[in-house]
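The block underneath contains the structure these notes are about, expressed in structure tokens.
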Amino acid sequence: MSDVPAIRISDVSHAYASGSGRIDTLERVSLDVRRGELLCLIGPSGCGKSTLLNIIGGLVEPTTGFVEVDGARIDGPSPGRIAYVFQENTLFPWNTVLDNILVGLEFQGVPKAERGDRAREALATVGLSDFAGRYPHQLSGGMKQRASLARALSLGTDVLLMDEPFAALDEQTRMYLGEELSALLEETKKTIVLVTHSLSEAVFLSDRIVVMTARPAAIKSFIEVGEPHPRDPAFMASARYGETRNELYALLRVEVEKTIGGMVGAAARRERSKPGFAKP
């Protein structure tokens, strides 16, 4: 099994129907995710990064191709193998932090006798042991995301999918949680796939960055970061960090220009199609 990648994405495409016709979001994406790495997906807004993450998690069915986790085909949600942290915290407001984690374990089918210990261990991992009895509205944004991360960790899966988990937080909190995530990766050796729009976050956290094209998204390039975990803020002052961030921006700039140019062009066409528009 050690020769089998943690995640294998094979020739995955995705499209959906809309009022204006077929929308292609992904185009023949193939990728192996190594065991124990943090792999980042980054690309222009709306290019299909989250769609690909949802296909890996079994929440969306690909139009063509398939995904395997530990060599087994994914054909729907697999809470026994894959945990998820979303951009917005998904805590139940009527439950305490501890009860939110217990509910996740119940959904996974963990025996009741084991749930308490696993939930408290996960809270300790993210530094929230003293807040187990609090309700979500009593937590800061960063603490809510740590609670969501604790719930994902409690499931004990080898694969963790993260869809812009720190996007709604202030920069200082994002950096702090990034440090915690880097340390967690070193400690647990989990395989993590992270979607982000932040160049700094991608370089600081990733072992490998997958740069995606404008929609329909395909893989444009891979960037190996080559810095061991856990990482601390000193890495952000290094020449390697700066060079990698500049390389990433140069690759993305072309794709962002395509996306923005396409949006501007579409807006202009809509304007010209309005009744009474006077052509020059």
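Please list 105-111, 241-247 highest first by mean number of surrounding beta-carbon atoms within 10 Å per residue.
Put in order of decreasing packing, that is 241-247, 105-111.
Report, to the nearest 10°, how far helix 97-108 tilts away from the longest principal axis of the Cα atoms in the chain, using its own Cα long axis and a range of 0 to 90°.
On a 0 to 90 degree scale, this one is about 80.
Of the options SER221, THR63, TYR249, report the single residue whose Cα projects farthest towards the positive end of the charge dipole of the chain (beta-carbon charges: Lys, Arg +1; Asp, Glu -1).
About the Cα centre, the residue reaching furthest to the positive side is THR63.
Report the local net charge at GLY43: Lys and Arg +1, Asp and Glu -1, summed over other residues whose C-beta lies under 10 Å from its C-beta.
+2
Measure nothing fancy, just the Cα-based angle from helix 112-125's long axis to the longest principal axis of the chain, in degrees from 0 to 90, nearest 10.
Helix 112-125 sits at roughly 70 degrees to that axis.
Can you give me the relative contact order of the stretch 90-157 as a percent, contacts being Cα pairs under 8 Å and 6 or more apart?
Over the stretch 90-157, the number comes to 46 percent.
Over the Cα atoms of the stretch 90-157, Rg to Rh with Kirkwood Rh, two decimal places?
Using only Cα positions, Rg/Rh for the stretch 90-157 is 0.92.
Apply 1/(1 + (r/R0)^6) to the Cβ-Cβ distance of ARG35 and LEU59, taking R0 = 30 Å, and write down the FRET efficiency to the nearest 0.05.
0.85
Place a point 7 Å from Cα of GLN108 in the direction of its Cβ. Which residues in the stretch 193-214 have their backbone N less than 20 Å from it?
From the stretch 193-214, the list is 193-194.
For the peptides 43-49, 129-135, what is the packing order when you average, over each peptide's residues, the other Cβ atoms within 10 Å and list the highest mean first?
Packing order, densest peptide first, comes out as 43-49, 129-135.
Kindly express, to the nearest 10 degrees and within the range 0 to 90, the angle between helix 171-188's C-alpha long axis and the longest C-alpha principal axis of the chain.
Tilt of helix 171-188: around 60 degrees.
For PHE222 and SER10, compute 0.36 nm times the residue count separating them, minus their Cα-Cα distance, and round to one decimal in nm.
This chain segment gains 74.7 nm when fully extended.
Two-decimal Rg/Rh of the chain from alpha-carbon positions, Kirkwood Rh?
1.01
Taken together, the values in this text are just the output of simple stated rules run on the coordinates, not laboratory data. These numbers were taken from a predicted model, which means no experiment stands behind them. Please note: Cβ atoms are built from the backbone with ideal geometry, for glycine as well, and neighbour counts cover all protein chains shown.
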